[in-house]
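Following: one structure in structure tokens, then a few remarks.
The values are calculated or read from the model by the stated rules, or taken from the named source; none is laboratory data. Treat the numbers as computed from the prediction; the structure is a model and nothing was measured. Here the Cβ is made from the backbone with ideal geometry for all residues, glycine too, and neighbour counts use every protein chain on show.
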Amino acid sequence: METIRFARIVKHNNIPFFTINTEQTIAGITAYVGQNSKDAGKLAGSILTLRQKALSEILVVTIGSDSTNAQHTADKIGGLQEYLKTQSIDSNIVEMYIDDKETIKERVEALLHAKSNIKSIWFTNSQAYTFFKIYQQSIKPEVIVLGFDIVPENIQLLESGKLSALFNQNPSEQSFRAMMQIYDLLINKVTPPRSTYLPIDIVLKENLAAYIKRDESLYQNDRKILH
């Protein structure tokens, strides 16, 4: 709701409005740069297909404020459902939305007790570390666990094997592309495309070091530019 109100204000004042990371289909937005959320869901389904047993039941967890109203979450789950349907895979998707982090342990234990066939868990945002911080009981080794974003806490989970893979949304490139489009619009009078989709990287324990090194290099370059 906050984004909608803000978009109305900037549109009324004829101010360009760019968004990154989360695509919003509302009037007043000039352009979007980031991932295609539905494709992220399809990618999750593709990875899980590599281990057929993991697809009996899939737990999709969204942690954070106002999680049930996030369009990108619905798009991700929709993409997963679409992929499973096109592959003729009969799998039960169990959705869990957690706004109150204090209830994670109780709700997860109750769910896993009732749903003993869950062989894969997918976190739709960067909050996988919040889940593991509160829910200390180990997930069974055969369960595939996917998350988003190579933040320090998730890096530790990936290195320890608690996370099977992370989806990297390339936040630095999102910001750079958006800033270039703003420059082109304001200086060169070039209208940007409504949506610019960037690829989603699959980060494993085996290739994690390369991404960390790349991000450190980008950070150093940004510091030089700012100074």
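Values computed for the structure shown
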quantity	calculated
Selection status of Lys76, at pLDDT 85 or above, assigned by TED's automatic domain parsing to the domain that holds Phe131 and charged (D, E, K, R)	yes
Cβ-Cβ under 7 Å pairs, at least 6 apart or on other chains, region 181-207 side over 23 Å from Asp39 (Cα atoms), far side in a loop (DSSP other than H, G, I, E, B) and polar (S, T, N, Q)	Leu185/Thr191
Exclusive hit being closer than 30 Å to Gln181 by Cα and assigned by TED's automatic domain parsing to the domain that holds Phe123, set Lys42, Lys11	Lys42
Inter-residue pairs, beta-carbon under 6 Å, first hydrophobic (A, V, I, L, M, F, W, C) and in region 81-94, second assigned to a helix (DSSP H, G or I), 6+ apart	Leu84/Gly45; Ile89/Leu55
Residues that are among the charged types (D, E, K, R), within 14 Å of Asp75 (Cα to Cα) and part of a helix (DSSP H, G or I), drawn from region 1-45	Lys38, Asp39, Lys42
